[in-house]
1. Can you pull out the chymotrypsin sites (Phe, Trp or Tyr not before Pro) in the stretch B:239-300 that DSSP calls coil and that have at most 12 other Cβ atoms within 10 Å?
2. From other protein chains only, count the Cβ atoms within 10 Å of every residue's Cβ in B:22-35, then give the mean.
3. What is the stretch B:6-201 by shape, rounded, prolate or oblate, if you read a ≥ b ≥ c off the alpha carbon gyration tensor as root eigenvalues and call it rounded for a/c under 1.5, prolate for a/b larger than b/c, and oblate otherwise?
4. Could you list the chymotrypsin sites (Phe, Trp or Tyr not before Pro) in the stretch B:43-113 that lie in coil according to DSSP, counting only those with at most 12 other Cβ atoms within 10 Å of their Cβ?
5. Using 1/(1 + (r/R0)^6) with R0 = 45 angstrom and r between the beta carbons of B:VAL556 and B:SER533, what's the FRET efficiency to the nearest 0.05?
6. Counting only GluC sites (Glu not before Pro) that are in a DSSP loop and have at most 13 other C-beta atoms within 10 Å, tell me the longest site-free stretch of chain B.
7. Report the local net charge at B:LEU199: Lys and Arg +1, Asp and Glu -1, summed over other residues whose C-beta lies under 10 Å from its C-beta.
8. Roughly how crowded by other chains is peptide B:159-172, in terms of the mean Cβ count from those chains within 10 Å of each of its Cβ atoms?
Amino acid sequence: MDPAVTYQVILEAIYSAVDEINNQLPTAQQLAKQEDTIILGEGGTLDSLGTIQLLVAIEEHIATSVGGNIDLMDGNLLSLQDGSLQSIDSLTHFITEKLFT
Amino acid sequence: MIQPESTLRLISDFTIEVFGGYLENDPSPPHCQVSYGSFGQVFQELLTTPAPKATNQDAVVWTLPESVIEPFGRSLYSEETDTSDIIDSVDVFADALLTYSKGVRSLFVPTWVLMPATRGYGLLDWRPGLGLSELLARMNLQLATRLSEAPNIFLLDAQRWLQPAGERATNSKLWLATKVPFGNRVFQEAALDVKAAILGTMGKAKKLVVTDLDGIMWGGVVGETGWAELDLGGHSHRGEAFVAYQQMLKSLTRRGVLLGIVSKNDEVVALEAIDQHPEMILRRSDFAGWRINWGDKAQNLAELIEELNLGTDAVVFIDDEEIQRGRVREALPDVMVVDMPSDPSTYADIVSSLRCFDTPSLSSEDRRRALMAVTERERHVARQEVGSLEKWLAELEITVSAYPFRNVDTERITQLLNKTNQMNLRTRRMTESQLLGWLKDDAHHLWTFRVADRFGDYGLTGLLGFVIKSETAEVTDFILSCRAMGRRVEETMAHLLVDRAYAQGVKEVIADYQPTPRNAPCLRFWMDSGFESTGGHTFRWAKANGYSLPKEVSLVLETT
């Protein structure tokens, strides 16, 4: 698959997860569906429960949309050492590389 | 700031904030403000929390069976346990819920479920004394039996919430990391059910379904093909789908929901189909009213709603044409409009799954409501034939039987208190427990009124409450169901009020009207009643010779 298309497919799956999580979040914590939206780290609006909820939802939407299994609850990812969870854009790139390279 | 219609306390042994988020974020009524009990402190919260002061305080107690019923937790890992020990533990939990329920308006308790991955004993799982499924069913049944001791506790079927979520009903990683046992869709469904339940306890369940005919009740256009060629029943799946839809509507009438028709058709042709087609489940006598003509559907619907003395927010509208649904949504925004697909196969399921009819009680009067509506239609026809209101009232031969409070009427009285809007002096809402507590004071008096005429029985439709303070009687409740309004029953109730108050040594009767958006008819009655208006919305009777009984009404005063 064309990498640009792959990125877009993953991005749409992440946005679906964001929509799902936003339904239960107070307005002030809801995430914008933008690539530069912060997921984890400084500037992020999610608490720990919200973060894990989002990551699990993303895993489920990825499994449904592209059929791939990915584990986003890895300790390195969550501790920000990797930086992949910082933003929607960085996470999309991370997932794309994991599943398609 | 919008005042919440429910301040909802969530008590759980798992992370329940996700559920709270759906309850608060969902835009549909009622508006809920959520608070949380401490994680895993279920019994502590149930047994030590003082009674809350808010009249709109509700609660949800959602637990996992293995957490609150310790021996069941061992059963999950195939340990042998004693069923009677488990049922005893259920009783302890039920006792705690019953205690807590005394301090809230309504308490909602989701049933216990087995996680989808729990296969238990496989083919033995329903074997009594062994299987987990059988054991959990016994636990839920015991809980249901015990909780029925309190009229304000409602067991909600949590299994229904798992089904739409499918594979995403649970996620082991989510549970292990956060102690959230269910997927988001489960909590979303639960929130919708709890909200519908709260609306039901507030008296806001829908009361009328208005349906179209062509394409909904039957396939085809009756005006073009005649009734004999309609697609209804027979051996076609579409014909059977329309029959199933009618059966579901019929089922609603047995729960006290009225049916109406709004259809663009020739009335004679359409009614002939309803009367004659052998596969029709619904007949003319099942409908409280109809508007079958070529006029605007929204206008027709508004007229039908007014004829039936209901508010637009009590109505569900079903039509297969998007343009008609859009028209009604635009013209009557409080009417609930159901989106129906073009394929009738799912019509019955769509109606069956509607939450808007959830009510906290179902009395024999409710079950007869559709029949009462039909007799009301006959009265209406007679009224038109007679012409003069006084002559019509006289010919009705109205009898009103007045009873002091009886325990057997508690459920119906509570229903009247919480569901009646138009003829309601103070719109005082009370649970059964609150009503019974109020009645313990000897100065508090409550009378009920059963109304009948030559067409039939209206049932228990009137309620009068008053408090005696020295030589004054203050009316706390003056309530009459809309189906009995305008037949001099209001005046009869006022007669009995003065008569019974004077019998207690009272010298004046005071009725203080509290306005709401819906009870203007009550103010109109009091303004025309002959009671003296003393300023604002207060009405007073102090004449020595009592309040006259209307000549069109026979009053029977029952002492027990």
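1. Details: sites: B:PHE242, B:TYR245, B:PHE287, B:TRP290, B:TRP294; in loops: B:PHE287, B:TRP294.
Answer in residue order: B:TRP294.
2. Numbers: counts 3, 1, 3, 7, 2, 0, 0, 0, 0, 0, 0, 0, 0, 0.
Average neighbour count from other chains, rounded to a whole number: 1.
3. oblate
4. Numbers: sites: B:PHE43, B:TRP62, B:PHE72, B:TYR77, B:PHE93, B:TYR100, B:PHE108, B:TRP112; in loops: B:TYR77, B:TRP112.
Loop-located and lightly packed - B:TYR77.
5. For R0 = 45 Å, the calculated efficiency reads 0.90.
6. B:150-396
7. +2
8. Taking all residues of B:159-172 together, the mean is 1.
Read-outs: derived from the displayed coordinates by stated rules, not from any lab. Everything numeric in this text was worked out from a predicted model, so none of it was measured. Methodologically, a virtual Cβ is constructed for each residue, glycine included, from the backbone with ideal geometry; neighbour enumeration extends over all protein chains shown.
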